[in-house]
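Report on the structure given below.
Bear in mind these aren't lab numbers, they're just calculated from the coordinates by the rules spelled out. Just so it is clear, the model here is predicted, and its values are computed rather than measured. In this analysis, Cβ positions are derived from the backbone assuming ideal geometry, glycine residues included, and neighbour counts consider all displayed protein chains.
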Amino acid sequence: MTRTILAALSSLFVVSACSSKPAVEPATLVLKDGKVVSVDAARPEAQAIAIRGDKIAALGSNEEIQAYVGPATQVIDLVGQTAVPGLIEGHGHFTGVGRARMSLKLMGVKDYETIVSMVAEAAKTAKPGDWIQGRGWHQEKWDHVPTPDVEGFPLHTALSAVSPNNPVVLTHASGHASFANAKAMDLAGITRATPNPPGGEILKDQAGNPIGVFRETAQGLIGAALDKWQKAKTPDEIMADRRKEIDLAIDESLTKGITSFQDAGASFETIDLYKQYVTEGKMGVRLWVMVRQPNDLLRQKLAAYKVVGMGDNRLTVAAIKVTADGALGSRGAWMLGPYSDSPGSTGLSTTPIESITETAKIAMANGVQLCIHCIGDRANREVLNVYEAAFKANPDKKDNRWRIEHAQHLNAADIPRFGQLGVIASMQGIHATSDAPYVLARLGEKRAEEGAYAWQKLMKSGAIVSNGTDTPVEAIDPIPNFYALVTRKTTDGTVFYGDRR
């Protein structure tokens, strides 16, 4: 767990020196006879805890905390079990968590053939024309390369054969690529003549035919066709789907001990629905939201949407999210040099730097944090340059707490700049061990050793490093994430640059 989260959690604890019979207001909830971990160096553990409303009133022994038990106090006997503070998801995609639970679950699937079989089963019960969706596949984690293939990605042929009447779109684990069948491409108007959009790529075979893989912004071509189908539903059906996403995301978070969630990108429309949930008393977690909208909409609406602590601290909207590049797994991360396993590519710049510079001005003007997705070393450098220029242009504005989301692959010259500029490296421990099997192939030994998932190097240079899972890119469960941070062990037991634990 990072220093940032530890500090946030420890601030929740008010440790009171309790006499045997203090004259105190009864607590709402008391947990007793357990191991209460406080994350407070002054008193790291206690037997019992008293909670009043949503505030911790006291820690102590069973006898000390008994004084807080009144007629209406709920008392839970932990029977020796451990209680910890609610955890903070430092970077995830809230509605994406719910949406993933409503789709085919492809995370952990070991081969393309199984995915084809799963789609075939779904097609048996789907109505003609209904879209089949899935998420979580990763070609680098399959046990063999499908044949035929392009850059390790399969061709859509087998998928299209089992789903001729249903468009299919399967999102890559990273969220930075999608795989579509022939029906989906037909509905989207994709042909061999369709050009790559700015910041995206339609992967094609040697004959120039689309294979079904869409990188980065090219996903929007398929997404437009999917969106058209979804909007054809009745308003009640659309709202039911959106609410189901949020309900499932709340449930998934709480079952894993996540009580606060930093949502890495929501539209104004989604934020309106979050506000409804807060007003209705249904927002079961605390959300801290980054707005992901074009600059023209940010200029029009951001000031009106900015809110801190709405509804008993259930909703804060005080940040902007931008995506500067893609992901390493799909070779979309924007690199200073070519990929070692694809010498003709340096990845993709998904948002022009000129646009990011304008977003920085909007963030400064509105006093909100700016949070920019950067995976590759060039994306990180370009965005650090934008941040540095913005800070120099606004010397009166201190403690901006702007962030780079992921900061996965850095050039050695840029590592000290995070600490020097006060830029938070919002990283995800689980990404290092999850990506490790293909990092060397993508980057080569020198670049990987120099700056891949360089938590220790960043911390030693004075940077604040926060932690999260990037769910649903990875499972929301924090325990494997912490394990990755302190061991850097992959699933086969290999240690990935252990000096950076």
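Numbers below:
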read-out	value
Pairs beyond 19 Å (Cα-Cα), from 124/183; 275/398; 55/256; 321/392; 228/306	275/398; 55/256; 321/392; 228/306
Set of the range 87-112 residues, backbone N closer than 11 Å to the point 7 Å along the Cα-Cβ line of residue 121	105
The range 351-390, Rg to Rh (Cα coordinates; Rh as Kirkwood inverse mean 1/r)	0.95
Proxy reagent accessibility, fewest Cβ within 10 Å first, across 290, 107	107, 290
Paramagnetic reach from residue 401 (point 7 Å along Cα→Cβ, amide N under 16 Å) across the range 251-268	260-264
Per-residue HN-Hα couplings for the range 374-389 [Karplus 6.51, -1.76, 1.60; θ = phi - 60°; Hz; x = Gly/Pro]	9, 9, x, 5, 6, 4, 4, 5, 4, 6, 4, 4, 4, 4, 4, 5
Distance between the range 76-106 and the range 141-187 - C-alpha centres, whole angstrom	30
Under 18 Å from residue 457, Cα to Cα: lysines that are on another chain or at least 8 residues apart	446
Helix axis angle, 353-366 relative to the chain longest principal axis, alpha carbon, degrees	20
Residue 251/residue 272 FRET efficiency (R0 30 Å; Cβ-Cβ; nearest 0.05)	0.90
25 Å tail of the calculated P(r), the range 324-473, as % of Cα pairs	25
J(HN,Hα) series, the range 427-444, from Karplus relation 6.51 cos²θ - 1.76 cosθ + 1.60, nearest Hz, glycine and proline x	10, 10, x, 5, 5, 4, 6, 6, 7, 3, x, 10, 4, 4, 5, 6, 9, x
Correct option for mean projected area of the Cα convex hull in nm² [calculated from the coordinates] among [x] 46.9; [y] 22.9; [z] 25.7	[z]
DSSP bridge pairs, the chain: antiparallel proportion in percent, nearest 5	40
Efficiency of FRET between residue 393 and residue 206 - r from beta-carbon atoms, R0 41 angstrom, step 0.05	0.25
HN-Hα J in Hz across the range 200-214 - Karplus 6.51, -1.76, 1.60, θ = phi - 60°, x for Gly and Pro	x, 8, 9, 6, 10, 7, 5, 7, x, 8, x, 8, x, 9, 10
